[in-house]
1. Would you work out which of 32, 83, 13 lies farthest towards the positive end of the dipole of segment 1-90, given +1 charges on the beta-carbon of Lys and Arg and -1 on that of Asp and Glu, about the Cα centre?
2. Length gain on complete extension for the stretch residue 198 to residue 231, per 0.36 nm per residue less the alpha carbon to alpha carbon distance?
3. Please compute the modelled spin-label separation between residue 14 and residue 565, points set 7 Å along Cα→Cβ, answer in nm with one decimal.
4. With each pseudo-label sitting 7 Å past Cα toward Cβ, what's the residue 492-residue 316 distance in nm, one decimal?
5. Just check segment 387-471 against the gyration tensor rule for me: Cα atoms, a ≥ b ≥ c as the square roots of the eigenvalues, rounded for a/c under 1.5, and otherwise prolate or oblate depending on whether a/b exceeds b/c.
6. Give the Kirkwood hydrodynamic radius (Å, one decimal) of the chain, defined as one over the mean of 1/r across all pairs of different Cα atoms.
7. Pull up the cross-link candidates among the aspartates and glutamates for residue 184, meaning alpha carbon to alpha carbon under 19 Å and not fewer than 8 places away within one chain.
8. Using a/c under 1.5 as the rounded threshold, could you call segment 203-291 rounded, prolate or oblate? The axes a ≥ b ≥ c are square roots of the C-alpha gyration tensor eigenvalues, and prolate needs a/b larger than b/c, oblate otherwise.
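Taken together, the values in this text are just the output of simple stated rules run on the coordinates, not laboratory data. Since we're looking at a predicted model, the values are computed, not measured. We place every Cβ from the backbone using ideal geometry, glycine too, and count neighbours over all the protein chains shown.
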Amino acid sequence: MATTERHHFQAEIQQLLDIVIHSLYTDKEIFVRELISNAADACEKLRFLQSSGQTVHQPETPLAISIKTDEKENTITFTDTGIGMTHGEIVENLGTIAHSGTKAFLKQIAEEKKADARLIGQFGVGFYSAFMVAKKVSVFSRSWQPDEQGWHWTSEGAGGYDLEPTADLPRGTRITVHLKDDAKEFARSATVEQIIKRYSNFVQFPIELDGKRLNTVQVIWSRAKTEIKDDDYNEFYQYVGHDHENPLYRLHFTADAPLAIQALLFVPARNFETLGMGRVESEVNLYCRKVLIQARAKGLFPEWLRFLKGVVDSEDLPLNISRESMQDTSLLQKLNKVLTGRFLKFLEEQTEKDAASSEKFYHEYNRFLKEGVVTDFTHKESLGKLLRYESSTTERDKLTSLAEYVKRMATDQKEIYYLLAPNREAAESSPYFEVFRARNLEVLFMYDPWDEFVMEHLYDFDGKPLRAAEKADLNVGEIEREEGALNEDEAKGLAKWLKDTLGDRVGEVRVSQRLVESPAVIVEADKHLTSTMRRILKAAKRSGDTAELGKQDLEINPRHPILLRLEKMRQEDAALAAKVAEQVLDNARVAAGLLDDPRAMLKRLNELLEQVLATKG
């Protein structure tokens, strides 16, 4: 007599089931998609085993998925002829965390502070979605291994499950969902047919619903583009991408050399990493002649293209290649190079064809492109062509490319200038910008802290070095001096006095050739360090980095009224002049975004105001 085993769910599985049973009230139909997807995976695994020469139980049984509805019994049953499960695999797959998907799902639910059924498919916990509609789930499974037997798993979703051996099962898995009273619509054939056509129309194995074949459409990526409608593409994307929106971009192409490739790639309309989803993983599946080699293939694209979804099919991959060895094959490296190059070419073409969609893509995904510049030396030049920034010569919010900047350069200009700032107002009022405005030189305005690293790694573009504005070796040229401006000796004398007064708070103090409107400006003594980089390094230092940062230099504007009056004041009231000198330095630090603690400055500023008001009283 068969002995029934009683098992308790692992704690995380029970927590997941509690959420599924009690918190998910919308999108319940997703359980149909998820159970079909699992059935298709089981069939794909069996086909892979057969292609690699393994001996399987009932080899003549065709790979297929069958669904039966029963309104009288209020059930829906999913049957596949795939890989099936052994006793150990049932315990591992249906009662414990076999992978990180369950924990990731629970973490996401906690962060979102709400339960969203649409998240289920993204974390590989689709089987448990059945409990959204089930009062009981019954699973019969028989492994592909010839010497195994069948097993019967049942659970009502609370506490645990029962497991017992059973004889005379065909290869594969049969899941019967005993529906709750409020889920009776899923026992109706018409309802389930609509769901399958919506979510599972492109599954590569035959799907029968109550004896009727549903998915008669051939694998979409192998068809000619002229035969495929936009709606077909969008349906396929929503299936492979688990996304209810249409994609922003799609790239469907075929190549014969250097590798035979059929690829259908999609860019989602939204960047999921900015939606609180954490770091996304690539969702491009790798096939060989329509046989799945690796789902969510690692290494098929560089990390910075992890937002892509879709399929790549290459006839040059051997069918029996080990999924574990995919990372080491030179074929994968070739695929990576070809696919990445083709996608970059596609993006470049889109910037010429459709400005609106190109702007939306850049808004959503510019961080990925910048990551590529920093991490992907092979494609750095192509990525540089895709970067876009505001410019001192363009309208607000209008972006321009590095190539367009180069076209506008004067023949005697040797460098591409850029300025890092929080926003356009800060950039245009920056003391570092004054020399460029005076000389009518274009500057790219960059508001993303990442751009500091991007420009360093890009280094040059079209043979022109990229130069931070504060590091540019420029002067304002001949500017008509105001009456009473400091002469050369007075300016140098004031600079020396400022250094003596400020002491170790600054490195050198010198007369500036770059200032027009500002009295002074902070300049990094290190030719490789900028104020933005200093802010980043100071933040790292607060986090435990003990590296010392060099001192900053101070440049003064001999034409500015504050400096003119300071020169006279230091002769008449040394104490007040010293206080003003400190304020000039702190004002320059504020302009550079480098004043960490304003309390001392504010105290001094109040004292100066008191003295000014006292003289006017």
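1. So the residue furthest toward the plus end is 83.
2. Numbers: separation 33, 0.36 × 33 = 11.88 nm, distance 1.15 nm.
Separation in residues times 0.36 nm, less the Cα-Cα distance, equals 10.7 nm.
3. About 7.6 nm, to one decimal.
4. Roughly 6.8 nm, to one decimal.
5. Working: a/c = 1.33, a/b = 1.11, b/c = 1.19.
Verdict is rounded for segment 387-471.
6. On the way: mean 1/r = 0.0340 Å⁻¹.
This gives a value of 29.4 Å.
7. Output for residue 184: 27, 29, 34, 70, 71, 73, 156, 193, 210.
8. It comes out oblate by the Cα gyration axes.
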